[in-house]
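Report on one structure; see the data block that follows.
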Amino acid sequence: MSAQRGRDLLLKIDNGSGVFGTVAGLRTQRIALNADTVDITHADSVGQWRELLAGAGVRRASLAGSGVFKDATSDERVRQVFFDGLIASWQIVVPAFGVIQGPFQISSLDYRGDYAGEVTFELALESAGALTFTAL
């Protein structure tokens with residue numbers, strides 16, 4: 001993957017009918033993919049080096065972003081998903097890399113406004129099931 005513009009990373013949410021719409025104006029975004037390990041080291045492990053059980057740990061993804069909503073539609077959809085406590089289908093589009101898609105729950109939604117500036121928001125998502133990856 002070559003260098004990419006950060007603004008090209010997109011966060012999209014399913015509008016409830018299988019169509020994904022971009023969540024407005026994210027200025028900063030971060031996605032973290034994690035996997036727990038399961039230690040199976042035993043007395044006969046070569047050199048007493050730790051051994052891990054492949055594919056046994058819990059995998060998860062988290063996403064954080066902040067920015068401004070570009071329109072009332074995306075603001076309303078995100079807000080409704082949060083207040084209803086729904087797990088929605090989301091897409092994270094990483095240019096020249098791929099699309100990560102699957103169920104996420106909004107774990108925090110913050111709004112902030114400066115006196116002489118626009119209203120901004122911060123959003124945090126946690127994966128809530130199996131994710132897929134499609135290379136671009």
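Observations
- Members of the range 58-88 found to be loosely packed, with under 10 Cβ neighbours inside 10 Å and touching a residue at least 24 places away in the same chain (Cβ under 8 Å), listed by number: none
- The strands (runs of 3 or more DSSP E) located wholly in the range 20-82 include none with 2 or more residues which are within 18 Å of L131 (Cα to Cα), among the hydrophobic types (A, V, I, L, M, F, W, C) and touching an Asp or Glu at 6+ places or on another chain (Cβ under 6 Å).
- Here T22 fulfils each of the conditions (1) at pLDDT below 90; (2) hydroxyl-bearing (S, T, Y); (3) farther than 21 Å from V119 by Cβ apart from (3).
- Leading residue by the ranking (farthest from V58 (Cα to Cα)) among those in the range 83-130 that are part of a strand (DSSP E or B) and hydroxyl-bearing (S, T, Y): T120
- Search result, residues across the range 96-136 that are within 23 Å of G18 (Cβ to Cβ) and charged (D, E, K, R): E126
- Residue match in the range 50-57 (condition: surrounded by 11 or more Cβ atoms within 10 Å (Cβ to Cβ), over 16 Å from E122 (Cα atoms) and in contact with a Gly (Cβ under 9 Å, 6 or more places away or on another chain)): no
- Tabulated pairs, the range 23-35, first among the hydrophobic types (A, V, I, L, M, F, W, C), second modelled with pLDDT under 80 and buried (at least 17 other Cβ atoms within 10 Å of the Cβ), C-beta under 6 angstrom, 6+ apart or interchain: A24/F69
- Set F82, F69, F133, F121: member being closer than 17 Å to L10 by Cα and either among the aliphatic types (A, V, I, L, M) or within 15 Å of the chain's Cα centre (by Cα) (or both): F133
- Taking the numbered list (1) within 11 Å of V23 (Cβ to Cβ); (2) modelled with pLDDT of 90 or more; (3) not polar (S, T, N, Q) in turn, G65 passes all entries but (2).
- Number of positions in the range 99-114 that are surrounded by fewer than 16 Cβ atoms within 10 Å (Cβ to Cβ) and modelled with pLDDT of 90 or more: 6
- Within the range 1-19, considering residues that are hydrophobic (A, V, I, L, M, F, W, C) and in a loop (DSSP other than H, G, I, E, B), the one modelled with the lowest pLDDT: M1
- Considering residues of the range 25-42 that are surrounded by 15 or more Cβ atoms within 10 Å (Cβ to Cβ) and within 17 Å of F104 (Cβ to Cβ) only, the residue modelled with the lowest pLDDT: L26
The values are calculated or read from the model by the stated rules, or taken from the named source; none is laboratory data. Here the structure is a predicted model, which means the values were calculated and not measured. Because the Cβ atoms are built from the backbone with ideal geometry, glycine has one as well, and the counts that use them run over all protein chains shown.
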